[in-house]
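One structure is given below, encoded as structure tokens.
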Amino acid sequence: MTPETKHRRTRIHRNGRRYRLVRFHGDLCTWLSYRKVQVTGLENIPKDGSVILVPNHSNALMDAMVVLRTRKEPTVFGARADLFETPIVAKMLTFLKILPMVRKRDGVRNVIKNLDIQEDIITVLEDNVPFCMFAEGTHRAKHSLLPINKGVFRIAVAALQRFDKPVYVVPVGLDYSDYFRYSGTSLTQFGKPINVKEYIAARPEAGDAELYRGMTNLLRERMTELFTYIPDDENYDGVWAYTKLATVGRRRGPLTARLAVNRQAVASVLPADAPGNAEKLSAALDLDRRLHEAGISVLSLGNGGLGRFLLKTLLLLLWLPFQLFLGIFALLQIAPAEYMIKKGIIKDEAFYNSFRYGLYALVFPFTLILWTLLGTFVFHLGFWVSLAASIVLDYLAFPLFYRGTDAYRVWVSDLKLLFRKDLKEAFRKLPR
């Protein structure tokens with residue numbers, strides 16, 4: 001690592017004007033990307049020391065964006081090192097306050113590079129800027145946790161050896177209504193922090209291995225309390241299918257209330273080998289499979305009868321001209337995203353929403369210029385009117401189009417369900 005690179009990285013957390021402008025744009029795009037957003041537990045982030053945030057990693061780039069949006073102050077993130085292999089991408093990521101983290105799978109020689117990155121992280125923590133680390137090492141679109149990397153506590157201990165102030169590890173729970181469809185809901189919860197210095201001081205007889213294992217287990221325990229956690233074993237699919245079906249019509253109100261309902265449903269079928277639970281999981285899996293084969297959403301099971309369907313039909317007919325207008329306005333963002341997804345260019349389904357978000361945020365300046373020029377010189381609205389209208393529509397058209405698309409998708413599902421009495425009956429008889 002050159003001295004110039006080292007100097008640049010240790011200043012990565014400085015909050016410049018350009019970053020604040022990009023940050024405002026990114027935060028607004030993130031907020032608009034979800035039809036409902038809730039953040040709780042910000043009071044759990046200590047102000048008397050350094051903070052390492054550790055969220056579960058289930059939604060690729062969107063995990064970082066929803067964590068970043070929760071606070072106005074800067075946050076430095078860690079991301080897998082292979083993203084930095086292209087110089088221009090590395091420069092962009094560094095500007096966005098992201099540091100490369102080498103994983104074990106990248107080879108022992110490359111892992112040594114983390115010692116340099118660790119120095120940068122300690123500098124960030126010393127200046128009281130939070131560092132966010134996805135300690136599972138990779139993302140996975142599941143309501144579970146991979147093994148937690150002990151590296152988060154190695155960084156914390158190294159920081160304690162450098163400066164004389166507390167270092168806290170704060171568990172973060174990220175809960176989404178859907179990993180693959182755009183414009184769902186997002187709940188971010190900050191849990192009870194772990195004071196690393198106090199934890200170590202309370203166990204003077206423990207060796208390093210025992211301390212790291214204990215802190216990692218405690219962190220994992222606190223993380224699982226903050227989202228819809230399902231043990232990742234052979235019963236995972238059955239438990240998740242049962243949770244979706246058992247909570248139909250009950251997930252209303254604040255997102256924390258929906259989470260509580262989800263967690264209650266999960267707890268009701270665990271352990272899976274308890275009397276009656278195997279029957280519940282089997283019935284849920286079978287019904288979930290039949291719904292999928294019929295192209296019917298679980299949401300349709302709670303959407304009421306014929307009267308409600310007719311009312312929804314009328315409303316969606318009235319909305320149709322607006323839906324077409326939104327699609328035309330945001331075409332330069334929507335078309336490339338859906339084309340590349342449909343053609344399989346984006347192979348990992350868990351990246352679909354991250355890719356859509358990226359186009360939404362990055363293409364914005366170009367579409368803003370385009371529509372402002374068209375409004376000024378073609379529609380003769382005047383420059384300032386065109387600019388103001390373009391800003392509003394450029395932010396709203398993309399997410400509103402996807403919300404409308406999802407409404408029409410569920411309407412088609414509702415229509416199919418009207419003719420499937422067998423599925424309604426199976427849902428009614430589902431063991432609770």
*Would you mind computing, in nm to one decimal, how far apart the modelled labels at F309 and K36 are, each placed 7 Å from Cα along Cα→Cβ?*
2.4
*Note the full-extension length gain between E279 and K47 as 0.36 nm times their separation in residues minus their Cα-Cα distance, in nm to one decimal.*
78.6 nm
*Stretch F366-K342 to full length: gain in nm at 0.36 nm per residue minus the Cα-Cα span?*
6.2 nm
*Formal net charge of residues neighbouring A209 (Cβ-Cβ distance under 14 Å; K, R +1; D, E -1)*: +1
*How do 132-142, 284-294, 375-385, 30-40 rank on mean C-beta neighbours within 10 Å, highest first?*
132-142, 30-40, 284-294, 375-385
*Net length gained if the chain between D164 and R403 were fully extended (0.36 nm per residue, minus Cα distance)*: 81.1 nm
*Based on the Cβ-Cβ distance of Y19 and K416, what FRET efficiency does E = 1/(1 + (r/R0)^6) give at R0 = 35 Å, to the nearest 0.05?*
0.15
_Looking at the range 3-224 only, what percent of DSSP beta bridges run antiparallel? Nearest 5 please._
25
*Calculate the all-directions average of the projected area of the range 236-294's alpha-carbon convex hull, and give it in nm².*
4.1
*Return the inverse of the average 1/r over all pairs of distinct C-alpha atoms in the range 3-224, which is the Kirkwood hydrodynamic radius, in Å to one decimal.*
18.0
*So what's Rg/Rh here for the range 225-378, counting alpha carbon atoms and using the Kirkwood radius for Rh?*
1.09
*Partners for K97 among lysines (Cα-Cα distance below 25 Å; same-chain residues under 8 apart left out)*: K6, K47, K72, K113, K150, K165
*asked:* Rounded to two decimal places and with Rh computed the Kirkwood way over Cα pairs, what is Rg over Rh for the chain?
replied: 1.00
*Take every DSSP beta bridge with both residues inside the chain and express the antiparallel ones as a percent of the total, to the nearest 5.*
25
_Debye, to nearest 20: dipole size of the range 293-432, +1 on Lys, Arg Cβ, -1 on Asp, Glu Cβ_ = 640
*Please identify, among A209, A283, A90, the residue showing maximal mean-square fluctuation in a Gaussian network model of the chain using a 10 angstrom Cα cutoff.*
A209
_Student exercise, the range 203-335 dipole from Lys, Arg, Asp, Glu Cβ charges, in Debye to nearest 20_ = 900
_With a cap of 10 neighbouring Cβ atoms within 10 Å, and only residues DSSP puts in a loop, list the GluC sites (Glu not before Pro) found in the range 210-286._
E234
*Select from N149, V37, S183 the residue farthest towards the positive end of the dipole of the range 3-224; place +1 on Cβ of Lys and Arg, -1 on Cβ of Asp and Glu, and compute about the Cα centre.*
S183
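Only the coordinates and a few stated rules stand behind these numbers; no lab work does. None of these values were measured; they are calculated from a predicted model. Heads up, the Cβs are rebuilt from the backbone with ideal geometry, glycines too, and the neighbour counts pull from every protein chain shown.
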